[in-house]
Amino acid sequence: MWRRATPPPPSPPQWPSYALPTLIAGLSTLLLAVLAVLAALRALRRALHAERLACEASVASLRRELRLLEAAADHAPAHPPPTPTAPHPAPETAEAIPRSPRKPQIRIWMDGAFDMMHYGHVNAFRQGRALGTHLVVGVNDDASITRCKGAPPVMNDAERLAMISACRFVDEVAPAVPYVMDETYLRWVIQRYDIDFVVHGDDPCIVDGKDVYASAQALGKYRTIPRTEGVSTTEIVGRMLLLTSEHHTSSSHASPLLGAAAEADGRKLTQVLHSFSLDGEAAPRGGSSGFVRESKFMTTSQMLRLFAAGCATPPPGARVVYVDGGWDMFHAGHANFLKAASELGDFLYVGIHNDVVVNSHRGSNFPIMNLNERVLSVLACRYTGDVVIDPPWHMTREMIAALNISVVAHGTVADANDDESDPYEVPKKLGIYREIDSTMPQLTVDNIVSRIQANHEKMKAKVTKKMASEREYYSSRYGFEAS
């Protein structure tokens, strides 16, 4: 029998000898194309990143221009200014600070004792803050001040820190800063708080023959602002020293403090302290006839407007709180009270009584600060929504309705003497009166005056020393001594 032969299995296909190189070449071409696409994407990414940086820089530049325009609008006069007749800068001018588009925040450092903080300190903070975007204020500690100034501060560390923290122009507070910063400490401050510039008034600050800010100047980080003339802590101390006498113009009626000063220094210091008073006279205790308080500080509407920049009107439906007082020697107790009052509602009105009203209830030579000075101090407090200048002593229904007042608050401690009539009778009848516990009951104007008197010998030396530096300052700046 014949068998059919099984065919052999098919052999695998034979690739042409040229196929493999062709495949490799194709893959290489594809790989090169992919690499080219990736390179193009990277280039596009870099271009987009550069465009984004350019846009951010443009936005930052526009913001800076807007801030400059706003600042120019704040300082621009209604009419072209006259040709200056003196070589001194205008009160609102200061050295320009260059700003980098890569750092949107310009951090400013200011430091000092800021004892019995007043509107001169606040105006310095306002000017310093205007040079940047964030103000850090260093506060000298008690021991450092005593060592360098020869007398302890009137206000302790906690009281001074509380006041500066309550200032609307201050963004950050650094405690326990030495009165004189050496270069090592200054470098630490600059690094710790990311400081761009150190700012101080244009008057010299010399301790033991050395410029306190010499190290900052050496680093090229020092800028100056015009000092606020007409007020200083020492000048205010002089006003309070006069409160120890019923009649400031008569040496025969002077207090033992002024009598001792006259023996030690002749009549020179007495004349200096007399010049520190606002009008050279005091009203009889309990009286106010002819009581007119004048100050060396020249209050302008421009200054009031700059201090009131943070004020606004209550929004619709706001719960409006009202407090009033003399606010003489505006201190940490006042600031803490305003903070507590502001928490009772959405908007805080602060009434500030005029000099005659305050004197009629306090007597002697009160108030120490005149109405304009007290208004500036209250406006500087971050808890103040707006101020009511010279309100009625006795609140009325008309006043409550006009200001849309929902709450009237008062503290448990007040500087004013007891009054036979109740100035809050109307709000009490309306059920809107609230009483706030005073957090610093020991801190009053009388207490501050007592502190001054307790250190009268050291204060006397400070006043004498300050008198000499003031004469030198006015002589070098204006060519004449201060009157």
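Bear in mind that the values in this text are calculations on the coordinates, not laboratory data. Being a predicted model, the structure only gives us computed values, none of them experimental. Quick reminder, even Gly has a Cβ in these numbers, built from the backbone with ideal geometry, and neighbours come from all protein chains shown.
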Debye sum, Cα scatterers, region 341-387, no solvent: what log₁₀ I/I(0) at q = 0.13, 0.27, 0.28, 0.29 1/Å? -0.35, -0.93, -0.96, -0.99
Give the Rg (one decimal place) followed by the Dmax (whole number) of region 291-370, computed from C-alpha coordinates and expressed in Å. 14.8, 43
Mean shadow area of region 333-421, taken as a quarter of the surface of its Cα convex hull (nm²): 6.1 nm²
Quick calc of log₁₀ I(q)/I(0), region 136-223, Debye, one scatterer on every Cα, no solvent, q values 0.14, 0.19 1/Å, result -0.52, -0.99
Efficiency by 1/(1 + (r/R0)^6): what FRET value for Arg46 and Glu343, r their Cβ-Cβ distance, R0 = 60 Å, to the nearest 0.05? 0.70
